[in-house]
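The values are calculated or read from the model by the stated rules, or taken from the named source; none is laboratory data. Keep in mind the model is a prediction, meaning the values are calculated, not measured. Using ideal geometry, Cβ is built from the backbone for each residue, glycine included, and neighbour counts are taken over all protein chains shown. Calculation scope for accessible area: heavy atoms of the full protein, side chains included, ligands and nucleic acids excluded. Shrake-Rupley method; radii C 1.70, N 1.55, O 1.52, S 1.80 Å.
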Amino acid sequence: MRDQPRKPTHAGAETPPAVWTGRATNRAQWVLAAAGAACTALGIQLAVSSNWTSGVIPLLMSVIGCVAAGLLVLFGTLAFVNVAVRVDGHALEVRCGHMGLPRRRILLTHVVGADFVPRVTPRQWGGWGYRWRPEQGTAVVVRKGEGLVVRLGDGRTFTVTVDDAEAGVRFIREQLQMPAAGAAAGA
């Protein structure tokens with residue numbers, strides 16, 4: 001069976017992709033994850049090697065405190081070490097970390113616009129992670145740099161830091177059949 005040539009759509013153009021994906025990673029989060037693992041290990045070390053003669057309550061508080069703080073830091077940072085964004089003809093989906101949690105899915109029918117932001121910083125949002133600020137909306141910030149902002153029909157916004165965000169904005173606008181930013185300004 002021989003390969004069929006790809007049929008051009010109009011004016012010789014290839015069919016545009018049906019899905020856009022983007023990713024962003026923050027390697028500095030691994031340092032915080034290591035600190036969380038070290039704190040957890042310290043709590044375990046205290047529990048195992050202590051002679052428990054100085055009092056049960058203070059030692060238990062130390063062990064539980066170290067383990068709890070360590071696990072909180074460890075899992076809190078690993079959840080936001082990377083982000084994956086997927087946009088298809090129906091929805092924008094954001095998955096955080098290696099397990100894909102937390103996850104956010106926004107139907108494109110709820111989106112009224114998309115914008116490219118050349119510089120998003122954790123400082124603007126109060127840190128890394130899944131953030132909400134009443135005056136700004138919701139964001140997933142895993143690193144500083146370019147970001148994609150979708151405006152929703154209810155007036156809220158959702159921002160995500162992702163590589164090649166400009167291409168993601170173009171793709172969303174194509175799916176929504178909106179004019180490109182330059183075309184709207186020139187009209």
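Residues in segment 73-106 that are open to solvent by less than 70 Å² (accessible area, probe 1.4 Å) and in a strand (DSSP E or B): ASN82, VAL83, ALA84, VAL85, VAL87, ALA91, LEU92, GLU93, VAL94, CYS96, ARG104, ILE106. Only one of the numbered conditions (1) touching a strand residue (DSSP E or B) at 6+ places or on another chain (Cβ under 6 Å); (2) in a helix (DSSP H, G or I); (3) surrounded by fewer than 16 Cβ atoms within 10 Å (Cβ to Cβ) is not met by GLY168, and that is (3). For a quick check of your reading of the model, give me the residue pairs whose first member lies in segment 34-52 and is in contact (Cβ under 8 Å) with a residue 24 or more places away in the chain and under 22 Å from ALA79 (Cβ atoms), whose second is open to solvent by 60 Å² or more (accessible area, probe 1.4 Å) and not in a helix (DSSP H, G or I), with beta-carbon atoms closer than 9 Å and at least 6 apart or on different chains. Partner pairs satisfying both residue conditions: none exist. Here HIS110 meets each of (1) out of contact with any Lys or Arg (no Cβ under 9 Å at 6 or more places or on another chain); (2) touching a residue at least 24 places away in the same chain (Cβ under 8 Å); (3) open to solvent by 80 Å² or more (accessible area, probe 1.4 Å); (4) under 24 Å from ALA38 (Cβ atoms) with one exception, condition (4). Evaluating GLN124 against the criteria (1) in contact with a strand residue (DSSP E or B) (Cβ under 7 Å, 6 or more places away or on another chain); (2) without any contact (Cβ under 8 Å) to a residue 40 or more places away in the chain; (3) buried (at least 16 other Cβ atoms within 10 Å of the Cβ) leaves one unmet condition, (1).
Within segment 71-96, the set of residues being in contact with a Ser or Thr (Cβ under 7 Å, 6 or more places away or on another chain) and over 30 Å from THR109 (Cα atoms) comprises LEU71, LEU74. Quick test of your reading of the structure: ARG143 fulfils all but one of (1) closer than 18 Å to THR25 by Cα; (2) touching a strand residue (DSSP E or B) at 6+ places or on another chain (Cβ under 6 Å); (3) at pLDDT 95 or above. Name the failing condition by number. Looking at each condition in turn, ARG143 falls short on (3).
Looking only at residues in segment 39-72 that are touching a helix residue (DSSP H, G or I) at 6+ places or on another chain (Cβ under 8 Å) and open to solvent by 60 Å² or more (accessible area, probe 1.4 Å), the one that is nearest to TYR130 (Cα to Cα) is LEU72.
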